Amino acid sequence: MSNIVEPLADPLVRQIAARVRAERERRRWTLAQLADASGVSSAMISRIERGESSPTAVVLGKLSAAFQLSVAALLALAEGARESGADVPGVRRGADAAEWRDPGTGYRRRQITGPRFPAEIAEIRLPAGARVPYPAAAFAFVRQLVWVLDGRLTFHDGDTVHELEAGDTVELGAPAERVFANTTGSECRYAVVLSRDTRP
């Protein structure tokens, strides 16, 4: 499946583009410097920043790691820029929540909390057969818990593999390369809960 999108077609893709560029410019990095830090090519980063390409979950993980942000934080910041009133406490209707879709795997992510909430909570729907790897650096300075809501998740935490059923949780320790995989024939739905680790 191509991950080329029509310019300005998806408001959330536009906001991710703006957020990636803002995070890069805030650090005074060139495209080449971000490419070196993330392992994503300068050409791909340029297309993402122009809203010409929707990044996959793997690419977002690499960019987030370079920025020392979680994927959830990067998407929450992008969603917060898109939604007026996202910082205001109160009811957020499910129908109003932005959902980001990975053009590579069909993985869907919906941010539950707003950008100012002290914990980051996201709901993920992982299609049958999908596999999403993240580098260890994407988990630096965060505490994370994964809670399977429906289906089955094969979770690789470094060299350890957990087979998680609905209702199971796993609290993650030190950063490691991690893979979220659905080896079944039906969708898996899980929640990711993140809090910022204040330790150096």
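Quick notes on this structure:
- Among (1) 10.2; (2) 11.3; (3) 12.6, the entry derived from the coordinates for mean projected area of the Cα convex hull in nm²: (2)
- Whole-number accessible area per residue in Å² for the chain, which is evaluated in the context of all protein chains at 1.4 Å: 50
- Value at 222 nm in deg cm²/dmol, rounded to 500, when DSSP H runs of n ≥ 4 in the chain each add -39,500 (n - 2.57): -8500 deg cm²/dmol
- Placing unit charges on each Cβ (+1 for Lys and Arg, -1 for Asp and Glu) gives the chain a dipole about its Cα centre, and among 38, 194, 51 the Cα reaching farthest toward its positive end belongs to 51.
- Contour minus Cα-Cα distance for residue 42 and residue 141 (0.36 nm per residue): 33.0 nm
- Å³ per residue enclosed by the Cα convex hull of the range 99-142: 89
- For the range 125-189, the fraction of alpha-carbon pairs lying more than 14 Å apart is 54 percent, rounded to a whole number.
- Note on the chain: with charges restricted to the Cβ of Lys and Arg (+1) and Asp and Glu (-1), its dipole about the Cα centre is near 600 debye.
- Accessible-area composition of the chain, carbon plus sulfur, in percent [1.4 Å probe]: 51
The values are calculated or read from the model by the stated rules, or taken from the named source; none is laboratory data. Fair warning: this is a prediction, and the values are worked out from it, not measured in the lab. So basically every Cβ, Gly included, is an ideal-geometry build from the backbone, and we count neighbours across all protein chains shown. When the accessible area is computed, the model is the full protein with side chains, heavy atoms only, and any ligands, DNA or RNA have been set aside. Shrake-Rupley method; radii C 1.70, N 1.55, O 1.52, S 1.80 Å.
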